[in-house]
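A.B. asks: Attaching a single structure in structure tokens format; questions to follow.
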Amino acid sequence: MVATQAGTLPQTRSSDRRSTLGRRIRANKWSYVYITPFVVLLAVFTIYPIFASLGYTLYQWDGIGAPDAFVGLGNFRQVVHDPIFWRSFGHTFWYTAVLVPVQLFLALILALILNNPKLRFSTFYRSLFFIPAVMAPSIIAVVFQLLFSGFGPNISQIMIKLHLMRQPVDWLGDPGIVMWLVIAIGIWNTLGYNLVYFLAGLQTIPTELYEAAEVDGAGRTGKFWRVTIPGLREVGLIIVFLAILGSLQVFDLVQVLTGGGPYFASSVVNTYIYQYAFGGGFSAGGGGGSASIKPNVGFASAASFFYGLILMLLTGAQALAIAYTRRRRDHNLAQQNGAAQ
């Protein structure tokens, strides 16, 4: 009798789990209906192309006709040993390493200011700072290309008239300047997203915590370090990783503004992949191409998968960091509740 009960216990538990799962699905059936179009579009236009292009990595193919020049893992070996890929890789991480901390610092400062209930016209200021984020990076790149090019009225002429410069500067043609220019435009372009994220995080912090800190004698600095920073820890970690992953995927801003030039000085991984997928040349400061590249969809696919693997590792690190932060928070709350009891 005991053996029979012990044998049926796992089956009972599994059936209970299935019934519980079924009830949850039925209770939230409209939620599944609403997300079905998104899942279908994601599968058709994102997931399927990723796996479909995996086969192309084994061929040298210009995108015309059927691939027949089998090279095996030769494309991956070529990517690993290509100095231009690693140079583009370095530019991408340089862009990220400078943009993310500067942008998050500015976004946090602006969020603290705009979250002040005593600030008048705060809604107008929020909209003003968010306007660049809703503009297409390619359009922004075209506008700044006109401003920094040597044709017509430009930034150099304005600065010369203001006696800030003595002679014009080739902003897009100077290898020592162009990457800093791309970073500055990138900070301005996407600042609004992180500003909104920080504002949302600040508004989730209970005002009672600030009042309690003020009763304990904490000033503005004390409330910032003892209430604001701990309250933003979890959402701030998500904001940091979103900013990192977003900046590592920079493409259209660089492609339109410089094309990766001059002489690969501003090339990033995505412009590198684009040039090899569709051919053409890396721009030399907005002028002609400095290097002619023939289309090789197989090589571009291999470079894309190699870079995608790196981004997957970073995403995994993000998930682990968020899980660790939540466990630590739950542990601290448990300790505080135990001490209170």
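Please treat every number below as a calculation from the coordinates, not as lab data. Bear in mind the structure is a predicted one, so any value in this text is a computation, not a measurement. Quick reminder, even Gly has a Cβ in these numbers, built from the backbone with ideal geometry, and neighbours come from all protein chains shown.
A.B. asks: Sequence-distant or interchain residues sharing an amide H contact under 5 Å with I293, placed H: which?
C.D. replies: G280, G281
A.B. asks: Now for a separate question. Just subtract the alpha-carbon distance of Q335 and F38 from 0.36 nm times their residue separation and send over the number in nm, one decimal.
C.D. replies: Between Q335 and F38, full extension yields an extra 102.7 nm.
A.B. asks: To the nearest 0.05, what FRET efficiency results for R220 and H163 with a Förster distance of 45 Å applied to their C-beta separation?
C.D. replies: 0.70
A.B. asks: Sort the following peptides by mean Cβ neighbour count (other Cβ atoms within 10 Å, averaged over residues), highest first: 77-87, 53-63.
C.D. replies: 53-63, 77-87
A.B. asks: Given H placed 1.01 Å from N in the peptide plane, which residues other than close sequence neighbours of Y59 have an amide H under 5 Å from its amide H?
C.D. replies: V71
A.B. asks: Return the Rg/Rh value of the stretch 31-138, two decimal places, where both radii are evaluated on C-alpha atoms and Rh is the Kirkwood radius.
C.D. replies: When Rh is taken as the Kirkwood radius, the ratio is 1.17.
A.B. asks: HN-Hα J couplings of the stretch 221-230 from phi, Karplus 6.51/-1.76/1.60, θ = phi - 60°, integer Hz, Gly and Pro as x?
C.D. replies: 5, x, 5, 5, 7, 9, 10, 5, 4, x
A.B. asks: Could you order the peptides 211-218, 102-109 from most to least packed, using the average number of other C-beta atoms within 10 Å per residue?
C.D. replies: By packing density, highest mean first, the sequence is 102-109, 211-218.
A.B. asks: A follow-up question, please. I want to verify the translational diffusion coefficient of the stretch 90-291 in µm²/s; compute it with Stokes-Einstein, Rh as the Kirkwood radius over Cα pairs, at 4 °C and 1.567 mPa s.
C.D. replies: 68 µm²/s
A.B. asks: How big is the convex hull of the Cα atoms of the stretch 78-146, per residue, in Å³?
C.D. replies: Here the figure is 124 Å³ per residue.
A.B. asks: Here is a further query. Using only the Cα atoms of the chain, what semi-axes does the equivalent ellipsoid have when each is the square root of 5 times a gyration tensor eigenvalue? Give whole Å, largest first.
C.D. replies: Ellipsoid half-lengths, sorted descending, are 43, 36, 18 Å.
A.B. asks: Can you run phi through the Karplus equation (6.51, -1.76, 1.60; θ = phi - 60°) for the stretch 132-147 and list ³J(HN,Hα) in whole Hz, with x for Gly and Pro?
C.D. replies: x, 6, 8, 8, 5, x, 5, 5, 4, 5, 5, 4, 5, 5, 5, 5
A.B. asks: Let me ask you something else. Within 10 Å of each residue's Cβ, count the other Cβ atoms and sort M165, M312 from fewest upward.
C.D. replies: Numbers: M165 14, M312 10.
Ordered from fewest to most neighbouring Cβ atoms within 10 Å, M165, M312 come out as M312, M165.
A.B. asks: I would also like to ask the following. Applying the Karplus parametrisation 6.51 cos²θ - 1.76 cosθ + 1.60 with θ = phi - 60° to the phi angles of the stretch 49-60, what ³J(HN,Hα) value in whole Hz is obtained for each residue in order, glycine and proline being reported as x?
C.D. replies: So the J values, rounded to whole Hz, are x, 4, 6, 5, 7, 4, x, 5, 5, 8, 10, 9.
A.B. asks: Given the options L209, L99, L110, which has the most mean-square fluctuation in a GNM of the chain, springs set between C-alpha atoms less than 10 angstrom apart?
C.D. replies: Answer for the Gaussian network model of the chain: L209.
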